[in-house]
Structures are given as structure tokens and as C-alpha cells.
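Quick notes on the structure that follows.
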Amino acid sequence: MEFVRDGGSLEGQTVIRRAAIPAGLFLSALAIQLVGIDFGLPHMYHWDEHFLAAPISRFLAHGQLLPHVYCYPSGYIYLQSILSPLSYLIFILKNGAAPAAAMQLSDYLLVARIVTAIIGAAGVTLSFYFAVRVWRDRLAGIIAAAVLALSPLHAMDSRFLTTDIPMATFAFLGVYLLFIHFERRDWKTFLAAAAVAGASVACKYNAAFFVAGAVAVLAVREKGPIKPLAFAAIAAATFLLLTPGIIFESSKFYNHVSTEVSHYFVVGEINQLLTFSLWDYFKILWCYGLTPGPLLFAAGGIVLYVFRYRGRAIPLLVFPACYLVFLFLTKSISSRAVDPLLPYGAIFAGLAAATLTRRLRKSVPLWTLPILLTALGVGFTFRSVIITGREAASLVREDPRDKAKTWFEGEVPWPQRVAKEAVNPALQTEGGQIETPPIDPYKYEVVVGPYIAANSVTEYAVARIPYLITQDLEANTEKLLTHDPSRAEVNRKNYESIIKNTELVFRLNKPHDDTRAAVEIYRINDDVLKINNPPKKKVRFEKKWVRSEADPAKPMAKAGGRYVLTAPSRAGAYFTAPAREFTLAVNVEPLAGRPTVVVEVDGTAVARRRLTSDGVVRTGPLKAPPYYKHVAVRCLGPAGSIAVLKGASVHGVE
């Protein structure tokens with residue numbers, strides 16, 4: 001049989017072959033990052049996800065175009081907002097027809113996290129193209145992409161609704177386009193590079209240091225100031241376009257940004273808990289970022305690059321160097337700050353590993369080459385594979401925080417008051433940074449303090465707080481003694497009194513470290529509680545929201561299992577209060593405007609609160625004879641304010 005070669009088909013086959021490797025790298029990286037991406041749902045475990053989810057929900061539910069919060073720029077928020085109808089579609093399929101206002105913040109997380117994972121996988125593919133273009137070596141590109149895909153830090157941060165991976169990917173893309181411009185000398189790639197650089201700053205402010213690096217490189221390479229100034233102007237215009245709050249909410253924008261600047265560069269009371277140095281960032285890269293093998297190869301790749309290209313090596317090194325200046329200047333930040341450095345480390349590691357592979361192929365006997373390359377590959381990626389796999393496995397298993405929540409709500413009778421540390425809280429209530437599973441706020445009143453050992457066991461007993469929740473009491477007390485030396489002796493005695501007069505009723509260790517606690521729950525001994533508080537019998541009351549005050553014959557309108565109140569309106573419930581004293585706790589979520597919530601008992605207002613975020617409206621102790629009572633929750637103006645009644649509870653003392 002004779003085969004006829006057709007030029008068009010050959011060209012198509014060539015395109016397919018060229019796209020096969022990048023496509024395979026993209027899909028492989030995406031597969032790694034999608035494992036466990038639904039972790040924690042319906043809770044919001046990551047402490048920063050709610051900063052992005054809240055404006056996304058306001059955009060979809062109420063058409064609010066401005067995020068109103070500028071601790072992060074709004075570029076990535078707008079990208080996620082455009083895609084938020086997908087989250088709404090999934091919500092409808094699961095819960096039936098309902099308004100978007102009925103969605104909880106966690107309902108946006110799955111689609112939003114997948115978008116971040118896709119961007120992270122695109123960054124892996126980009127590292128392949130970048131290494132191939134710079135090193136002219138396909139093997140170096142494959143190794144660079146593998147290093148980045150297997151980076152534990154890159155894989156983990158690609159699973160969150162946060163701005164770190166999008167910022168790192170867009171900044172890396174801007175540098176890649178700038179290097180293409182240096183080859184082609186055309187304005188199209190120049191404009192694209194500047195616009196993408198501005199978009200990276202619109203994801204997270206840190207990327208401004210990469211823009212500064214680009215301007216510096218252009219100032220050295222180009223004759224005259226036109227191109228550097230043009231690059232800065234285009235990047236600034238893109239940032240302004242994607243962050244319009246700088247114009248329309250200028251006062252709020254500058255207040256929030258100044259707070260962020262203070263958070264990064266000023267050592268304050270909060271920042272002392274998270275102070276990092278360049279040595280700390282190196283340890284992050286060594287242990288969790290690139291891991292030892294790729295990091296050593298990256299260092300070798302930098303030396304090889306400088307030796308091979310001499311002065312021409314400077315432009316590529318300027319970008320990570322500028323970002324290192326930022327890390328050097330910061331006083332308070334986290335491990336994810338090194339995300340933008342990972343792609344550069346990957347391409348340098350790819351250069352060194354590919355060069356070594358080619359040298360071995362020429363200098364060792366052919367039969368030993370597979371053995372050497374296998375040993376090299378295993379040693380090169382062993383720690384990355386182990387840690388990345390371990391992290392993925394931990395996300396698909398039940399989280400220790402879920403176990404702690406289940407145990408606590410199953411074993412601890414309610415109503416109770418609970419003390420919890422603000423430092424790495426073990427259990428969190430709805431309304432703050434929900435980085436851990438929420439304790440039911442209708443049954444338990446959670447008192448948050450900086451450290452458990454900041455108070456004595458007697459103070460907790462007098463305040464009727466029998467349960468103390470911490471991550472690790474001993475370790476966090478050591479932090480307290482270090483950060484507050486003026487009260488070191490007092491806090492040490494507090495710690496000793498807690499250890500002596502409490503019982504450790506629950507402890508879970510970290511998933512991969514049996515020596516460190518993830519959650520500890522202490523209960524104050526009964527004799528200490530009795531000495532400080534005479535015994536009182538607790539009575540629990542059932543609650544159920546059953547009817548709308550506007551039309552008592554109809555049940556309240558429900559959306560997604562929750563009751564929606566549009567101002568002005570109110571919802572009512574009836575219960576029997578066989579007690580001389582009781583308190584009410586009503587949990588309400590504002591969805592639009594700033595609704596004022598009023599709690600009424602038999603027509604008398606007993607609590608009033610204006611809400612700007614989720615919260616529990618509590619009454620003080622109320623006196624009542626034992627008879628049938630009516631409670632109403634009224635949602636007042638301004639007109640158009642909308643709130644969701646999430647639940648309520650009644651606690652009484654007989």
C-alpha cells in the first residue's frame with residue numbers, strides 16, 4: 001500500500017505532537033491539584049477565602065460591582081464574579097429553585113477553587129514554554145514543569161480561593177511575554193506584557209515588585225525612557241481598570257491599603273506572631289516549596305546560567321531579585337509569599353537537571369545510564385512526591401477539625417460558654433474568620449481571647465466558662481511568655497493553675513506529626529466551678545421558626561433551607577418558657593444594605609443591632625413567668641435591606 005503525504009495533514013500532525021507534551025503537563029498538574037479540592041465544605045477553612053467570596057456573592061446576588069474591601073485588589077474578584085453563575089447553577093441543581101441571595105459563601109468555593117487550580121496548572125505549562133524558549137531545551141522544559149507541578153506549596157495553594165497562585169502565574173506570564181518582546185521587538189508583545197503585569201498587580205499588590213523589575217530591565221536595555229515609562233503606564237492603567245475602587249471608593253481603598261502596608265512592613269502586636277526573615281523563607285523553599293533536590297538543582301542552574309551567559313544573564317535574575325527585596329523588607333507574612341519564586345526556581349532546576357542528564361549520556365556507559373537516571377529522578381523528586389501526596393491524602397480524609405466539632409457538639413451539653421484562643425483557633429464560630437468548623441452558635445457562646453493562659457482558671461470559673469479550647473496549650477503559652485515578657489510571671493502562674501485544675505478531655509494530633517497537637521479541649525474541674533458558682537439547673541428550650549408575621553397562615557419563605565427577610569418585615573416563632581430567667585440568641589446574615597435587626601418578646605423590643613457581617617443578636621437576661629411566649633425578629637431599613645434568618649435558640653435557668 002502506498003501512503004500519500006499531504007502537507008496539510010503533516011502540519012496538523014506536527015501541531016498535535018507539539019501540543020501533546022504541554023497538554024499532558026497541564027492535565028497532570030490539574031489532576032494533582034483537583035485531589036481534595038472540596039475539602040472542608042460547607043465550611044470555609046482557609047482564613048482568607050471569605051475576603052474574596054463575600055464580594056463575589058454580593059456581585060451575583062445584588063449586582064454590587066465594587067467589592068468594598070481592598071485588602072486584596074479586585075482583579076481576581078472580578079474574574080471569579082464573571083464565573084460565579086456556575087456556582088449558582090450548581091446550587092440550584094442541589095437545592096431547587098432559589099434566589100442567589102440564599103447562597104452561603106461556601107457555596108461559591110468549589111467552582112472558585114477549580115478556577116484557581118486551572119490557573120495553577122496553566123502556570124505549570126507556562127514554565128515548560130518559558131524554559132524551552134530561554135534554554136532552547138525541551139527536556140529542561142519538561143523537568144521545570146514537573147518540578148513546579150510536584151511542588152507541595154504550589155499544589156496546595158492552587159486549591160484555595162486566594163490570589164497568590166493567580167498573581168504568581170500572571171506575573172510569570174508578563175515576564176515571559178517581555179522576553180518574547182526582546183526577541184521580536186514588536187509592540188504587540190510589549191503591550192501584552194505590560195497589561196498582564198498590571199493584571200498581576202490587580203490580583204495582589206506584591207506583584208508591583210515584578211513590574212518594578214520589568215521597568216528596571218527596560219531602562220537598562222532600551223535607549224531612552226520611553227519604553228520603561230510606557231510599560232509602567234500601561235501596567236498602571238490595567239491595574240486601575242481592574243481596581244476601580246481606587247476612584248469610586250478612594251477613602252476606603254487608601255485606608256485598607258495602608259492597613260495592608262502596615263501589616264507587611266510594620267512590626268506590631270499582631271505581626272509579632274508571624275514575623276519572617278529571609279532565612280525563614282529559605283527554610284520554606286527547602287522544606288515545602290521546591291524541596292531540597294529541586295532547590296539544590298535550581299542553585300546549580302543559576303550558577304550555570306550566569307557562567308554561560310555572563311552579563312546577558314542579568315535580566316532574568318532581576319525579577320526574582322526584586323521580589324526577594326520585598327521579602328527582605330517585610331516583617332509579617334506567610335509561607336505562600338514564596339509562591340511567585342517557585343516558577344523561577346523550577347526553570348533553573350530544569351536547566352541544571354537537563355544539562356547533567358546530557359553530560360551523563362555522553363560520559364557513562366550506555367547500560368548504566370537508565371540506572372543513573374532513575375536514581376537521579378527518584379532522589380530529585382522523592383521529597384516533593386511524598387509531601388505533595390501526603391497533603392492530598394490529608395484533604396480527602398476527615399479533617400481533625402471536623403472530628404473536634406463532632407466530638408464537642410456530641411459530648412458537651414448546651415447551653416455552655418466556651419473560651420477559645422484567637423491564635424490558631426481550634427474551633428471557630430460563624431461570623432469571624434471561619435478557618436475551622438463552626439461550633440453551633442445557637443447552643444454555645446464562644447468567648448475569644450488572645451491566649452488561654454492570659455487568664456487564670458478562677459477567672460474562667462467566675463465567668464461560667466467550663467471549657468477551654470486551644471491548639472496546643474503548652475506551645476501557645478510559650479509564645480505568650482515570649483511576646484508579653486512584662487506579664488511572664490503572671491501568665492506562667494495562670495498556665496500552672498489551668499494545668500492543675502482542669503482535665504484534658506479531648507486531644508487530636510496533627511495528621512502527620514504525632515508529637516504536636518492540632519486541637520486540645522480542657523474542662524475545668526467541678527470543684528473549682530462549684531466554689532465560684534452556686535449550682536443552677538439548666539433548661540433547654542426548643543425553637544422553630546414557623547410563620548411569617550405578614551401572613552400568619554403561611555409558612556415563612558424559604559430559600560436553600562433558610563428564611564429570607566426583606567426590610568421592612570419580621571418573622572415569628574412561639575415557644576414555651578418555663579423559667580424565671582432566659583436569654584435569646586438569633587443568628588442573622590445581612591445580604592444587602594445594613595439591616596437593623598430587632599428581637600421582640602411579646603411585642604417588646606429586647607435587643608437591637610445593625611449588622612454589616614454575620615452575627616448573633618443576643619439579649620440580656622429576661623424575666624418571665626412560665627407561659628406561652630411569642631418571639632419576633634424584625635428586619636428594619638434602610639429600604640431594600642435583606643437579611644437571612646439562619647436560626648435561633650433560647651437558653652433558660654430554672
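Let's see how each residue does on (1) assigned to a helix (DSSP H, G or I); (2) open to solvent by less than 30 Å² (accessible area, probe 1.4 Å); (3) under 23 Å from Thr162 (Cβ atoms); (4) touching a Ser or Thr at 6+ places or on another chain (Cβ under 7 Å):
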{"residue": "Lys188", "(1), (2), (3), (4)": "yes, no, no, no"}
{"residue": "Gly198", "(1), (2), (3), (4)": "yes, yes, yes, yes"}
{"residue": "Phe231", "(1), (2), (3), (4)": "yes, yes, no, no"}
{"residue": "Thr259", "(1), (2), (3), (4)": "yes, no, yes, no"}
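Scanning segment 125-139 for residues that are closer than 15 Å to Thr357 by Cα and part of a helix (DSSP H, G or I), we see that the one that is least open to solvent (accessible area, probe 1.4 Å) is Trp135. Do we find a residue being open to solvent by 60 Å² or more (accessible area, probe 1.4 Å), at pLDDT below 90 and under 16 Å from the mean Cα position of the chain (by Cα) anywhere in segment 19-38? Scanning segment 19-38 turns up at least one residue that is open to solvent by 60 Å² or more (accessible area, probe 1.4 Å), at pLDDT below 90 and under 16 Å from the mean Cα position of the chain (by Cα).
Quickly run through segment 159-177 and pick out the residues that are buried (at least 24 other Cβ atoms within 10 Å of the Cβ), in contact with a Leu (Cβ under 9 Å, 6 or more places away or on another chain) and assigned to a helix (DSSP H, G or I). Answer for segment 159-177, where residues must be buried (at least 24 other Cβ atoms within 10 Å of the Cβ), in contact with a Leu (Cβ under 9 Å, 6 or more places away or on another chain) and assigned to a helix (DSSP H, G or I): Pro166, Ala168, Thr169, Phe172, Val175.
In segment 201-218, the residues that are charged (D, E, K, R) reach residues that are surrounded by 23 or more Cβ atoms within 10 Å (Cβ to Cβ) and not in a helix (DSSP H, G or I) with C-beta atoms within less than 6 angstrom, at least six apart or across chains, in these pairs: Lys204/Thr163. Residues in segment 464-490 that are surrounded by fewer than 17 Cβ atoms within 10 Å (Cβ to Cβ) and touching a strand residue (DSSP E or B) at 6+ places or on another chain (Cβ under 9 Å): Arg464, Glu474, Ala475.
The residues on offer are Lys530, Lys493, Lys544, and the sole one that is modelled with pLDDT under 75, more than 30 Å from Leu395 (Cα to Cα), open to solvent by 20 Å² or more (accessible area, probe 1.4 Å) and among the charged types (D, E, K, R) is Lys544.
Within this structure, Ala53 fails the test of being under 30 Å from Ile302 (Cβ atoms) and either in a helix (DSSP H, G or I) or over 23 Å from the mean Cα position of the chain (by Cα) (or both).
Being touching a residue at least 40 places away in the same chain (Cβ under 8 Å), farther than 30 Å from Tyr264 by Cβ, out of contact with any Ser or Thr (no Cβ under 9 Å at 6 or more places or on another chain) and not small (Gly, Ala, Ser) is the filter here, so list the residues in segment 63-118 that pass it. Within segment 63-118, Phe91, Asn95, Pro99 meet the criteria. The set of residues in segment 362-393 being at pLDDT below 80 and farther than 16 Å from Ile143 by Cβ consists of Lys362, Ser363, Val364, Pro365, Leu366, Trp367, Thr368, Leu369, Pro370, Ile371.
Matching residues to (1) assigned to a helix (DSSP H, G or I); (2) without any contact (Cβ under 8 Å) to a residue 60 or more places away in the chain; (3) over 30 Å from Asp157 (Cβ atoms); (4) touching a strand residue (DSSP E or B) at 6+ places or on another chain (Cβ under 8 Å):
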{"residue": "Ile347", "(1), (2), (3), (4)": "yes, no, no, no"}
{"residue": "Leu360", "(1), (2), (3), (4)": "yes, yes, yes, no"}
{"residue": "Leu373", "(1), (2), (3), (4)": "yes, yes, yes, no"}
{"residue": "Gly379", "(1), (2), (3), (4)": "yes, no, no, no"}
{"residue": "Phe382", "(1), (2), (3), (4)": "yes, no, no, no"}
{"residue": "Ile386", "(1), (2), (3), (4)": "yes, yes, no, no"}
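Summed over segment 496-506, residues that are loosely packed, with under 14 Cβ neighbours inside 10 Å and either acidic (Asp, Glu) or within 33 Å of the chain's Cα centre (by Cα) (or both) total 2. Taken together, the criteria exclude Ala144 from residues that are surrounded by fewer than 24 Cβ atoms within 10 Å (Cβ to Cβ) and within 25 Å of Ile386 (Cα to Cα). Would it be correct to say that Thr429 is touching a Phe, Trp or Tyr at 6+ places or on another chain (Cβ under 7 Å) and at pLDDT below 70? The answer is no for Thr429. Within segment 459-475, the residues that satisfy the criterion of being farther than 13 Å from Ala419 by Cβ and either part of a helix (DSSP H, G or I) or hydroxyl-bearing (Ser, Thr, Tyr) (or both) are Glu474, Ala475. Here Ala193 clears all of (1) open to solvent by less than 10 Å² (accessible area, probe 1.4 Å); (2) over 18 Å from Phe319 (Cβ atoms) except the condition numbered (2). Taken together, the residues in segment 62-78 that are touching an Asp or Glu at 6+ places or on another chain (Cβ under 6 Å) and open to solvent by 50 Å² or more (accessible area, probe 1.4 Å) amount to 0. The set of residues in segment 517-527 that are of a type in the set (Val, Ile, Thr) and at pLDDT below 85 contains only Val519.
So is Ile386 under 25 Å from Val147 (Cβ atoms) and open to solvent by less than 20 Å² (accessible area, probe 1.4 Å) or not?
Values: under 25 Å from Val147 (Cβ atoms): yes; open to solvent by less than 20 Å² (accessible area, probe 1.4 Å): no.
Judged against the criteria, Ile386 is not a match.
Listed by first and then second residue, the pairs linking a residue in segment 480-502 that is closer than 15 Å to Glu421 by Cβ to a residue that is among the hydroxyl-bearing types (Ser, Thr, Tyr), with Cβ atoms under 6 Å apart and 6 or more places separating them unless they lie on different chains, are Leu480/Tyr451; Asn494/Ser456; Tyr495/Thr477; Thr502/Tyr522.
Scanning segment 308-320 for residues that are modelled with pLDDT under 90 and within 26 Å of the chain's Cα centre (by Cα) yields no hits at all. Evaluating Pro85 against the criteria (1) within 29 Å of Arg397 (Cα to Cα); (2) assigned to a helix (DSSP H, G or I); (3) open to solvent by 20 Å² or more (accessible area, probe 1.4 Å) leaves one unmet condition, (1). Which number in (1) open to solvent by 50 Å² or more (accessible area, probe 1.4 Å); (2) modelled with pLDDT of 80 or more; (3) farther than 20 Å from Ala168 by Cβ; (4) not hydrophobic (A, V, I, L, M, F, W, C) marks the one condition that Tyr305 misses? Here Tyr305 meets the rest and fails (1). Among the residues here, Asp339 does not qualify as open to solvent by 20 Å² or more (accessible area, probe 1.4 Å) and either assigned to a helix (DSSP H, G or I) or in contact (Cβ under 8 Å) with a residue 40 or more places away in the chain (or both).
The values are calculated or read from the model by the stated rules, or taken from the named source; none is laboratory data. Predicted model, so just to flag it, every value in this text is computed and none were measured. Neighbour counts are summed over all protein chains in view; Cβ atoms, including those assigned to glycine, are modelled from backbone coordinates with ideal geometry. Side chains included, ligands, DNA and RNA excluded: accessible areas come from the protein's heavy atoms. Shrake-Rupley method; radii C 1.70, N 1.55, O 1.52, S 1.80 Å.
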